[in-house]
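Here's the structure, in structure tokens; my notes come after.
FYI, it's all coordinate maths here, none of it is from the lab. No experiment lies behind these values; they were computed from the predicted model shown. In this analysis, Cβ positions are derived from the backbone assuming ideal geometry, glycine residues included, and neighbour counts consider all displayed protein chains.
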Amino acid sequence: MYFCRSLKVEMRIHYVIVCWLVFFAMPDLFAQRITVEEYIEMYKDLAISEMRRSGIPASIKLAQAILESGSGNSQLAINANNHFGIKCHEWQGARVYQDDDAQGECFRSYRNARESWIDHTEFLMTRSRYEFLFEYRSNDYRSWARGLSRAGYATNPNYPQLLINLIERYELHQFDDGSTASRRGLFRRLTIASGSNNQQFTNGLTFSTEKFPVQVKNKTEFVTARSGDTYASLGNELDMMPWQLPRYNEAKATDALQAEQPVFIQPKRRRAEKGNDTHTVQSGDTMHSISQEYAIRMQRLYALNQIEKGTQPRVGEVLNLRKKKKN
């Protein structure tokens, strides 16, 4: 009898140990891993959508995500929805810490994988060291792969070849749009009918075209602010992340919005449209107001005119809005 009781107690202990191992100590052993093929199927449409608004090849985004996140199976992807290994930098959102090139490095954390995919596009589009990439065609994945490495996206010297190998092994180039050149002319909108309301998909977002008619200036989409709008309230209505509208408009989140003021919902361009080569400064003009008028990045406006950042132009001064052609 004592032996039976002891055996039962021992069996209970073993049972508890096994349960602890299954649920806490060895979760990866029983986790169902996503295959590369499944990952491609899950995200190819998003990759194509992001390519159409930015010019970044869908094949490059897919290959980077597969490589950086282990097809969505890495701890960073699982715990932080970070599929591109983007570190914190100036990030103001949630964050996680894990070892990478150094111990306890800070990585961005997202609410879902889609946010990570969109932020990766913004990360490349808004940093000057990646600007030259957007001169490549969206089907030139080899130049993009080598360019990403040259710009310092990854420290692994084999990074370009790893991306190219993934693209060619899984034929990811089939998702690239070979008929488009860089991001010029890529900002297409997909409009569908949903009952009696037209819904417009822009920047990966969905909102009513009646409430928020989208206009385009210098291939950059914008909406018009209403009386009482703020960057926060407008961003919330558009289901955008808090940092997006202030960054796209090169403003502080607390800056006031005036009625009828254009608010860009995409990053502005590196140059004005053809035909708008220069601007003669008028009374009341600022570098910010000029950059908004022509949808050109203020940082680029300073660089084109070799003006120290923070300096305001003089009335009558002629500013370059495009790079001068060499004679």
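Are any of the pairs Lys87/Lys268; Lys268/Lys309; Lys217/Lys268; Lys252/Lys309; Lys61/Lys87; Lys219/Lys274 more than 21 Å apart by Cα-Cα distance, and if so, which? With Cα atoms farther than 21 Å apart: Lys87/Lys268. FRET efficiency for the His89 to Ser283 pair, using the beta carbon distance and R₀ = 30 Å, is estimated at 0.20. Put in order of Cβ neighbour count within 10 Å, fewest first, the listed residues Leu162, Leu124 become Leu162, Leu124. Between the range 240-316 and the range 60-102, what is the C-alpha centre distance in whole Å? When both Cα centres are located, 32 Å separates them. Once backbone amide H atoms are built at 1.01 Å from N, Lys217 has Phe222 as its partners under 5 Å, excluding neighbours fewer than 5 places away on the same chain.
Applied to the range 39-55, the Karplus parametrisation 6.51 cos²θ - 1.76 cosθ + 1.60 on θ = phi - 60° returns per-residue 3J(HN,Hα) values of 5, 4, 4, 5, 10, 4, 5, 5, 4, 5, 4, 5, 4, 5, 8, 10, x Hz, with x for Gly and Pro.
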